[in-house]
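**Q** Before I ask anything, let me first share the structure, which is written out below as structure tokens.
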Amino acid sequence: MMKYFTLALIVLMTTVTAQGQSKLGTIDVDFILSKMPEIETVQKDLKTYGETLDSQLQEKMTAYQAKLDEYNKNVENYTEQQITEEQTAIFTLEEDITKFRQNGIQLMRIKEDELKRPLYMKIAEVMDVIAKEQNFTQILNTSADSSIVYLDPKLDITIAVLAKMGIEVEE
């Protein structure tokens, strides 16, 4: 029994000591990202990419409409085999358009990640420097998708990261 009590006491003391040595900080990565001048270029590039995808979709829609118009115009002159072939071609175009729309959303997300990755890396590098300077052992992201309900503003390094990046922000 004494063995278990001693073991429990050691575990408790280790936990208290470990917690006493950690320093928690916070950062709002989305806020920093929104203040970086490079974000304008990212948004322009993303818009251009989206317009390219829209243009490709419009080409597919135009080809589909032309095929459908041709079918409706000539259906009376088609044999049963030609009707089947034309309908199959039309359904294939419809499926292609549906897949392209679905993939377009994913392609936009991939492109956005690709364009923002260097900005996130830049933030991470500066955050790492500040975390080491201020002896933080953990930094939590407080961007919109976090579930943190309270933070001590003194532990937030968002403004410090912006300042080290040379970005001035009114507090």
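**Q** Read through the list (1) in contact with a Ser or Thr (Cβ under 7 Å, 6 or more places away or on another chain); (2) assigned to a helix (DSSP H, G or I); (3) not small (Gly, Ala, Ser), then give the number of the only condition that residue 102 fails.
**A** It fails just one condition, (1).
**Q** Another one. How many of the residues making up region 140-171 are surrounded by 13 or more Cβ atoms within 10 Å (Cβ to Cβ), free of Cβ contacts under 8 Å to residues at least 12 places away in the same chain and outside any helix (DSSP H, G or I)?
**A** Of the residues in region 140-171, 1 are surrounded by 13 or more Cβ atoms within 10 Å (Cβ to Cβ), free of Cβ contacts under 8 Å to residues at least 12 places away in the same chain and outside any helix (DSSP H, G or I).
**Q** Which condition from (1) within 17 Å of residue 26 (Cα to Cα); (2) of a type outside the set (Val, Ile, Thr); (3) assigned to a helix (DSSP H, G or I) is the one that residue 135 breaks?
**A** Here residue 135 meets the rest and fails (3).
**Q** Keeping to region 85-139, report how many residues are crowded, with 16+ Cβ neighbours inside 10 Å, under 30 Å from residue 21 (Cβ atoms) and in contact (Cβ under 8 Å) with a residue 40 or more places away in the chain.
**A** Count: 6.
**Q** Quick check: is even one residue across region 116-135 more than 20 Å from residue 157 (Cα to Cα) and touching a helix residue (DSSP H, G or I) at 6+ places or on another chain (Cβ under 7 Å)?
**A** yes
Residues checked against (1) surrounded by fewer than 10 Cβ atoms within 10 Å (Cβ to Cβ); (2) touching a helix residue (DSSP H, G or I) at 6+ places or on another chain (Cβ under 9 Å); (3) closer than 30 Å to residue 106 by Cα:
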{"site": "37", "(1), (2), (3)": "yes, no, yes"}
{"site": "44", "(1), (2), (3)": "no, no, yes"}
{"site": "49", "(1), (2), (3)": "no, yes, yes"}
{"site": "54", "(1), (2), (3)": "no, yes, yes"}
{"site": "64", "(1), (2), (3)": "no, yes, yes"}
{"site": "67", "(1), (2), (3)": "no, yes, yes"}
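Coordinate-derived values only; no laboratory data. Since the structure is predicted, the reported quantities are computational estimates derived from the model, not experimental observations. In this analysis, Cβ positions are derived from the backbone assuming ideal geometry, glycine residues included, and neighbour counts consider all displayed protein chains.
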